[in-house]
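Chemist: Let me begin by handing over the structure; questions about it come next.
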Amino acid sequence: MKVYDIYSKRQKRLMGEFPDVYQYVDIPQPLRVQIVYIINDVIAEPVDLNLLRAFTDIYNRLYREYGKLQQSIVGKDIINLFMFNTKETEHVLDFVELSFKLIDYTYRKRIEFVKSSKITADEAIEELNLRFREHGVGYQYESGKIIRVDSQIIHAEAVKPVLHLLSDSRFQGANEEFLKAHEHYRHGRYKECLNECLKAFESTMKTICDIQCWIYQPGDTAKKLINVCFQNNIIPIYLQDQFSSLRQNLESGVPTVRNKNSGHGQGSQPLVVPQYFAAYQLHMTASTILFLLEAEKALP
């Protein structure tokens, strides 16, 4: 479904009324309405009973997790309940994540649904993410998860390419850990975010070593794994002089940030990891993993 740059939008931009930074507290009513339009365009008519049951399953699963008693509602009423009657932003995002995961992984495979839909699964996801950005709401749907976005440039140039490359089944462990880091970040669990970042970094290097048949020990730390990668010329020898500080940057980047802030005993005073620090770690991890994956692809 095409998103139109209508007159009122252009006027808002001219008046400086469009958000230029992300907020994470509220899902505005117009955005909620637009998300419902997207879901309805996918569902189309006539609605399949199996699809209604799928939304009922989402409803039952979420209410069970929330510890709430369920109401007797089905199908499109469930969509309206979550999108228009739910005040908690996190609960709205839970429903959006599971709904678009249904569209992404199940709906696109059902030929009878696809034929009746007004838009494809890819178009639905693309519009959802565009609407989030349009309203300055700092979330995106990627690889089956709602993830928090802090810099659209970094997200487009590092995070999204990394998620695409890690979707390779060989990198399943690193992919799960990187997505967990985003999940912890979205829920304010910043120490856990740092831990998962390091795990994803190390898992990426171990998988590269497995693919290339490079020898390493299962318990090797990030520093040892970096050494293995460099000893096997993940950077061509003729370029290593120009990258003389790269090894040091890698060794003092993701592992050091994590070790100093969440990897060891915190002593008598609890360590507090600020949000901006966790965001920095996420971005650093994405850039570092992207570098390693692209370097591995370039190996002869």
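Chemist: Given 0.36 nm per residue, what is the gain on full extension from residue 123 to residue 81 after removing their alpha carbon distance, in nm?
Modeler: Details: separation 42, 0.36 × 42 = 15.12 nm, distance 2.41 nm.
Between residue 123 and residue 81, full extension yields an extra 12.7 nm.
Chemist: Using a 7 Å offset from the Cα along the Cα-to-Cβ direction at both residue 297 and residue 105, what is the distance between the two label points in nm, to one decimal?
Modeler: The modelled label-to-label distance comes out at 2.4 nm.
Chemist: Further, regarding this structure: Neighbour counts of other C-beta atoms within 10 Å: give me 186, 10 arranged from fewest to most.
Modeler: Values: 186 19, 10 11.
Exposure proxy ranking, most exposed first: 10, 186.
Chemist: Once phi is turned into ³J(HN,Hα) by the Karplus curve 6.51 cos²θ - 1.76 cosθ + 1.60 with θ = phi - 60°, what whole-Hz value does each residue of the stretch 94-103 show in order, with x for glycine and proline?
Modeler: Result, ordered by residue: 4, 5, 4, 4, 5, 5, 7, 5, 4, 5 Hz.
Chemist: Which residues' amide hydrogens lie under 5 Å from the amide hydrogen of residue 139, considering only partners 5 or more residues apart or on another chain, with H built in the peptide plane?
Modeler: So residue 139 has HN proximity to 149.
Chemist: List, in order, the whole-Hz ³J(HN,Hα) value for each residue of the stretch 225-236 obtained from phi through the Karplus relation with A = 6.51, B = -1.76, C = 1.60 and θ = phi - 60°; use x for Gly and Pro.
Modeler: Residue by residue, the stretch 225-236 yields 5, 4, 4, 4, 4, 6, 5, 9, 6, 4, 9, x Hz.
Chemist: For an R0 of 41 angstrom, estimate the FRET efficiency from the Cβ-Cβ distance between residue 90 and residue 220 and round to the nearest 0.05. List each step's numbers first, then the result.
Modeler: On the way: r = 37 Å, r/R0 = 0.91.
The formula returns an efficiency of 0.65 here.
Every read-out reported here was derived from the displayed coordinates using simple, explicitly stated rules and does not represent laboratory data. Keep in mind that this is a model prediction, so the values were computed, not measured. Neighbour counts are summed over all protein chains in view; Cβ atoms, including those assigned to glycine, are modelled from backbone coordinates with ideal geometry.
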